[in-house]
Amino acid sequence: MTARLLFILIVFLTFLPLAINEDLNAQPTRRVSTRPNIILINLDDADTELLSPQTMAKYYPNLHRFSKEGLRLTNVHVTTPLCGPSRAALFAAKYAHRTGIRVNDPFVDRSNGFGGGMAEYVNRGFHENDISAWMKAAGYRTMMIGKFLHGDTLDIVPSGWDDFRASRGANYYATSRLSNKRMATGENYIETTETYRTTQEGREALRLIEIHN
């Protein structure tokens, strides 16, 4: 059994300013925050069988261990089964019928004229006022790694993300990426044909958490 999962890893790390020392030559010490760090993993196309304890333990041991150490919610529902509108509802904290994002890609015939994708997200101003902006305003460092929204207009980094590493499309090799690692406004590039998407995203997630934790 094999399964390919497109995922989003959203991390909010809490920071407090360094404590002031009377001795200016002494090493500063960081105050410990009582607020929790938050790691949210959002999966596309995952069902109850795929995420059952038995399947997780056999095929995804790291996620299985992670799930046992975290908070498990057993009665959670999404408002739409379509992946893009569902993610937009998560980011914007609105029901899918309120975001105006009804489809993944509004530029294809099967969308029947409905709005959606990153184009609609930007048109409605959510890229300036979503969960990333709210958490950043609350004093968190914000990170997003993985799939964001669909559409060829994903060339804008929403303002609230300190670290933004978006993967576009469904290619697992030669993946199109948008990152603000070197440019705050975002830089587009293509991964090599030898670079496996999930492996690269996992490495980036671990590195960012280690750097900023």
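The overall shape of the range 77-132, judged from the alpha-carbon gyration tensor, is oblate: a/c is not under 1.5, and a/b is no greater than b/c.
An oblate overall shape is assigned to the range 103-191, the ratio a/c of its alpha-carbon gyration tensor axes (a ≥ b ≥ c) being 1.5 or greater and a/b not exceeding b/c.
For trypsin sites (Lys or Arg not before Pro), the sites in the range 103-193 that DSSP calls loop and that have at most 14 other Cβ atoms within 10 Å are Lys181, Arg182. Take Phe126: with every protein chain present and a 1.4 Å probe, its accessible area is about 20 Å².
Taking a 1.4 Å probe, which of Thr99, Thr195 shows the most accessible area, and what order do the others take after it?
Thr195, Thr99
At an R0 of 22 angstrom, the distance between the Cβ atoms of His212 and Asn62 translates into a FRET efficiency of 0.60. When the alpha carbon gyration tensor of the range 63-213 is reduced to an equivalent ellipsoid, its three semi-axes come out at 24, 20, 17 angstrom, largest first.
Cα gyration tensor of the range 34-79, axes a ≥ b ≥ c as square roots of the eigenvalues: rounded (a/c below 1.5), prolate (a/b > b/c) or oblate?
oblate
For a straight C-alpha distance cut-off of 25 angstrom, the lysines reachable from Lys68 (same-chain residues fewer than eight places away being disregarded) are Lys58, Lys147.
I'd like the antiparallel share, as a percent to the nearest 5, of DSSP beta bridges with both residues in the range 120-192. So the antiparallel bridges amount to about 60 percent of the total.
Of the whole protein surface, Ser176 contributes about 30 Å² of accessible area at a 1.4 Å probe radius.
How long is the gain from Tyr196 to His97 if the chain were fully straight, where each residue apart is worth 0.36 nm and the alpha carbon distance is subtracted?
On the way: separation 99, 0.36 × 99 = 35.64 nm, distance 3.52 nm.
Result for the pair: 32.1 nm of gain on full extension.
For the range 66-213, relative contact order (Cα pairs under 8 Å, six or more residues apart, normalised by length) works out to 14 percent. Hey, what's the Kirkwood Rh for the range 144-213 if you take every pair of different alpha carbons, in angstrom? Result for the range 144-213 stands at 12.3 Å.
The values are calculated or read from the model by the stated rules, or taken from the named source; none is laboratory data. Remember, predicted model here, so these are calculated numbers, not experimental data. We place every Cβ from the backbone using ideal geometry, glycine too, and count neighbours over all the protein chains shown. What goes into the accessible areas is simple: the full protein's heavy atoms, side chains included, and nothing from ligands, DNA or RNA. Shrake-Rupley method; radii C 1.70, N 1.55, O 1.52, S 1.80 Å.
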